[in-house]
Amino acid sequence: MTDRDAEFLEYAAVHRGRMLRTARLLTSGDAYWAEDLVQVALTKLYVHWTKVRREDGAARYADRILVNTFLDERRRLWRHREASTDHLQDADPAPGPDQAERLTVLQALAKLPRRQHAVVVLRYFRDLDVQATAELMGCSTGTVKSQTSHALAKMRDLLHDPLDTLESLR
């Protein structure tokens, strides 16, 4: 095993859980799709590992790959998704907010357009600021603000009070 491989494996072991949590939110709880997104992101990161580690931006680069992969999935005609169910496949749900409330939020997130969905996940679940979200999504801060505004308006319609619900799930 080369030093490059060892460094990458160490990085992946440390950051995979964080990436998977973000991917689960992006995919509205679809564990299998989240795993696929993380696998694609880590594969692309490995390909560019030499360049990325010199720039010390591996986490930011991996997050950007993850978000872009999620946004690009809709454009791929070959991907036929299975029907979702109301039951998550988690064996042992982590203690925390009410699971019914969490499922309601995930269902509402799934109804948002992809870019709005990604903005809500990055801003409210990953707690990134507008600038960091814009960098990850490859867009302007104005786009992030407008997408956030539109997403929260739609979430408000779907949930009646999304800010309280989103805050409780952090």
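Where a Cα-Cα gap under 30 Å defines reach, which lysines qualify for Lys145, not counting those fewer than 8 residues away within the same chain?
By straight Cα distance, Lys145 reaches Lys44, Lys111, Lys154.
If you plug each phi of segment 25-32 into the Karplus form 6.51 cos²θ - 1.76 cosθ + 1.60 with θ = phi - 60°, what whole-Hz ³J(HN,Hα) values come out, in order, with x for Gly and Pro?
Karplus-based 3J(HN,Hα) across segment 25-32 equals 5, 4, 8, 6, x, 6, 4, 6 Hz.
Given points 7 Å out from each Cα along the Cα-Cβ axis, report the Asp36 to Arg4 separation in nanometres with one decimal.
So the two model labels end up 2.9 nm from each other.
Could you run the Karplus curve 6.51 cos²θ - 1.76 cosθ + 1.60 with θ = phi - 60° over segment 57-72 and give me ³J(HN,Hα) per residue in whole Hz, x for Gly and Pro?
x, 4, 5, 5, 5, 5, 5, 5, 4, 4, 5, 5, 5, 4, 5, 6
Read-outs throughout are calculated quantities, based only on the coordinates presented, and are distinct from any laboratory measurement. Bear in mind the structure is a predicted one, so any value in this text is a computation, not a measurement. Cβ: placed from backbone, ideal geometry, glycine included. Neighbour counts: every protein chain shown.
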